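The values are calculated or read from the model by the stated rules, or taken from the named source; none is laboratory data. All figures in this text were calculated on a predicted structure; none of them were measured in a lab. Virtual Cβ from ideal backbone geometry, glycine too; neighbours counted across all protein chains shown.
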Amino acid sequence: MVVTTALSPPLRALERPWAPWLRGTPMLWEIARAVGGGPFHVIHPATFAENLAGFLDALAAENIPGVVYYGKKANKAAAWLRECTRPGTGVDVASVPELVHALGNGVRGEAIAVTGAAKSGGLLWLALRHHCLLAVDAADELERVADQARSLGTTAEVLLRVRPPTAPTSRFGFAPDDLAAAVGRCAELGATVALHGFSFHLDGYDPVARAELAAQLIELCRRARALGHPASKISIGGGIAVAYVTREDWRRFTAGKDDSWFHGGRNPLRTYPYHQAPAGAAMVTAILRHDADGTSLAAQLREAGIELLLEPGRALVDGAGFSVFPVQGCKASGDHLVTTVAGLSMSLSEQWKGSEYLPDPILVRAGGPRDGDAPARTAVAGSSCLEYDVLTWRAVELPARPRAGDLLVYPNTAGYQMDKNESCFHQLPLPPKVVVDGDRWHIDADYLIQEIP
Ligand SMILES: *Cc1c(COP(=O)(O)O)cnc(C)c1O
């Protein structure tokens with residue numbers, strides 16, 4: 001057991017200008033008071049719109065028709081969905097409530113892609129009623145889709161999900177032989193099923209792996225067309241990289257990473273790679289320009305007349321939110337501090353994967369900086385009765401010792417951190433999401449329909 005800690009190098013979050021601006025305005029304190037003293041998440045749909053425009057521009061620059069589907073599981077807020085009603089945009093869902101939420105916020109069925117393995121009968125029924133694009137995962141699911149489409153008197157709009165050859169044990173998608181059989185089966189099913197193409201979703205963030213598998217999907221489309229299928233779309237899924245910190249900060253951190261940097265020596269084995277390049281829209285460009293045998297993927301897509309579908313989750317909400325935890329107390333633990341905040345570490349999801357959200361939290365002092373403030377090293381804990389309810393095991397350096405009434409902000413948390421694992425443990429209410437639009441704010445409609453105030 002490590003009782004002393006050593007100072008780790010900083011991991012300063014890369015942020016969009018709205019975030020530090022908001023932290024410096026009285027509006028942050030007004031929101032904190034209005035939500036009643038507990039933790040809250042701030043979200044910024046204008047940044048989502050900026051990220052979305054970047055993806056659409058990356059496609060347009062290569063002259064590739066396509067659709068960007070927001071991978072909805074990355075963040076449940078309603079406010080993003082309004083942005084997904086723009087041309088060339090849709091939502092990727094995997095449950096009835098996600099589908100209903102998207103429909104209720106104005107996203108039309110034709111702009112919704114339904115992914116996920118072995119979808120429920122209710123999800124298939126609703127998706128077929130609304131002419132959503134279904135990524136079919138297995139042969140038995142294809143039969144269930146066809147049965148329901150037949151009884152509804154409709155055509156199922158279908159992609160077949162491919163099991164990546166690099167992940168032969170993945171539980172998602174068709175293995176190669178089964179895929180060939182499914183393409184044949186779609187031909188037998190006639191007008192009940194329209195096979196629009198193929199999809200995949202890869203683990204990791206490698207642009208080359210995506211470009212190479214996409215090229216194989218183009219070939220699958222050519223073969224499917226020979227059997228009479230429309231086969232003019234491929235989806236390369238999500239997993240578009242995000243850079244949370246600079247390359248230099250991340251290099252120094254990973255080069256020296258040591259148990260002694262963490263409270264209790266609890267050094268997470270694996271974390272998200274907090275610096276990656278290329279990230280966001282630049283990664284899409286890298287995929288499109290990847291050139292294995294003299295022809296870029298973009299040129300292959302253009303030549304085959306194929307539309308490129310993307311399903312980014314994390315990358316669309318990059319820079320579009322932060323989480324605020326009011327400080328409740330602070331005490332010494334050996335040579336560093338432990339700060340306790342209102343709320344639970346479940347509102348910062350990484351911790352629940354045995355990992356840690358590493359970008360440095362930011363202290364916002366009640367009343368601003370004070371004379372005599374001196375840097376202090378602290379771990380950060382939640383306000384439950386569990387020893388392991390810790391937001392940050394790493395002893396991070398803050399410009400001052402936190403005090404009750406200060407706010408601790410976790411930057412850039414909209415992608416998976418906010419609500420993936422939240423619960424009402426201890427009967428604490430879930431932190432509200434506060435939508436910031438310029439100098440105005442309102443509470444997100446959450447599971448309901450977002451009416452723009
Ligand atoms: C989770 C998921 C996504 C989004 O992944 P990100 O890493 O957030 O971009 C897209 N498509 C499918 C099928 C998924 O399961």
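Would you mind finding the one in Ala78, Ala58 that is modelled with pLDDT of 95 or more and within 16 Å of the ligand (Cβ to nearest atom)? Only one candidate passes the filter, namely Ala58.
Per the listing Gly329, Gly319, the residue uniquely of a type outside the set (Lys, Arg), touching a residue at least 40 places away in the same chain (Cβ under 8 Å) and part of a strand (DSSP E or B) is Gly329.
Candidates in the range 211-242 are the residues that are assigned to a loop (DSSP other than H, G, I, E, B) and surrounded by fewer than 19 Cβ atoms within 10 Å (Cβ to Cβ); of these, the one that is nearest to the ligand (Cβ to nearest atom) is Ser232. Going by what's in this entry, would Ala366 be described as under 30 Å from Val114 (Cα atoms) and among the small types (Gly, Ala, Ser)? No, not satisfied.
Enumerate the pairs (first residue in the range 342-363 and within 24 Å of Leu7 (Cα to Cα) and among the acidic types (Asp, Glu); second residue anywhere and modelled with pLDDT of 95 or more and not in a loop (DSSP other than H, G, I, E, B)) with beta-carbon separation below 7 Å, excluding pairs fewer than 6 apart on the same chain, so at least 6 apart or on different chains. The qualifying pairs are Glu356/Thr392; Glu356/Trp393; Glu356/Arg394; Asp360/Val396.
When Ala299 is tested against (1) over 22 Å from Asp419 (Cα atoms); (2) in a helix (DSSP H, G or I); (3) in contact (Cβ under 8 Å) with a residue 40 or more places away in the chain, only condition (3) is not met. For the range 188-210, a residue qualifies if it is within 16 Å of the ligand (Cβ to nearest atom), in contact with a helix residue (DSSP H, G or I) (Cβ under 9 Å, 6 or more places away or on another chain) and part of a helix (DSSP H, G or I), and the qualifying residues are Pro207, Arg210. Of the residues making up the range 400-453, just one is surrounded by fewer than 18 Cβ atoms within 10 Å (Cβ to Cβ) and in contact with an Asp or Glu (Cβ under 6 Å, 6 or more places away or on another chain), namely Ala400.
Would you check if Glu110 is out of contact with any Asp or Glu (no Cβ under 9 Å at 6 or more places or on another chain), more than 12 Å from the ligand (Cβ to nearest atom), within 19 Å of Ala191 (Cβ to Cβ) and in a helix (DSSP H, G or I)? Considered against the rule, which asks whether it is out of contact with any Asp or Glu (no Cβ under 9 Å at 6 or more places or on another chain), more than 12 Å from the ligand (Cβ to nearest atom), within 19 Å of Ala191 (Cβ to Cβ) and in a helix (DSSP H, G or I), Glu110 comes out as no. Looking across the range 400-433 at every residue that is farther than 20 Å from Ala315 by Cα and not in a loop (DSSP other than H, G, I, E, B), the one that is nearest to the ligand (Cβ to nearest atom) is identified as Val409. Residues to consider are Arg394, Arg377, Arg365; find the one that is under 17 Å from Thr340 (Cβ atoms), surrounded by 14 or more Cβ atoms within 10 Å (Cβ to Cβ) and either among the hydrophobic types (A, V, I, L, M, F, W, C) or in contact with a helix residue (DSSP H, G or I) (Cβ under 8 Å, 6 or more places away or on another chain) (or both). When all the criteria are applied, what remains is Arg394.
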